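None of the figures in this text is laboratory data; all of them are computed from the coordinates on show. Keep in mind it's a predicted model, so treat the numbers as computed, not measured. All Cβ positions, even for glycine, are placed from backbone atoms using ideal geometry, and neighbour counts span all protein chains on display.
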Amino acid sequence: MKKIVPDPPLSFPLPYLTIIADLTVEDAKPHAAALMDSLSRTIQVLLETECQDHRQVLLENMSILTELLRTLFSHMAMREIAHDQ
């Protein structure tokens with residue numbers, strides 16, 4: 001019997017759903033790498049999935065991961081700007 005829902009990413013639950021204001025750039029890098037790895041695995045599963053319902057869930061997960069990455073990268077950029085001044 002096939003699963004109705006794919007397994008969550010290995011790093012689930014994500015420990016950085018909210019960005020800690022004083023998260024340093026160095027501390028943020030491993031989190032960004034983990035998010036990118038999770039996004040990459042999700043894309044790979046999407047490419048191997050035929051069921052449209054599963055594909056929709058995977059696309060939504062990709063959207064969430066992308067938004068988390070965008071937010072984390074923005075935070076990192078702001079911290080680097082503040083550090084340079």
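Observations
- Highest to lowest packing among 34-42, 22-30, 55-63, scored as the average C-beta count within 10 Å: 34-42, 55-63, 22-30
- The HN-Hα couplings worked out from phi for region 76-85 by the Karplus form 6.51 cos²θ - 1.76 cosθ + 1.60 (θ = phi - 60°) are 4, 5, 5, 5, 5, 4, 5, 5, 6, 7 Hz, whole numbers, x standing for Gly and Pro.
- Positive minus negative residues near E80 (Lys, Arg vs Asp, Glu; Cβ under 12 Å): 0
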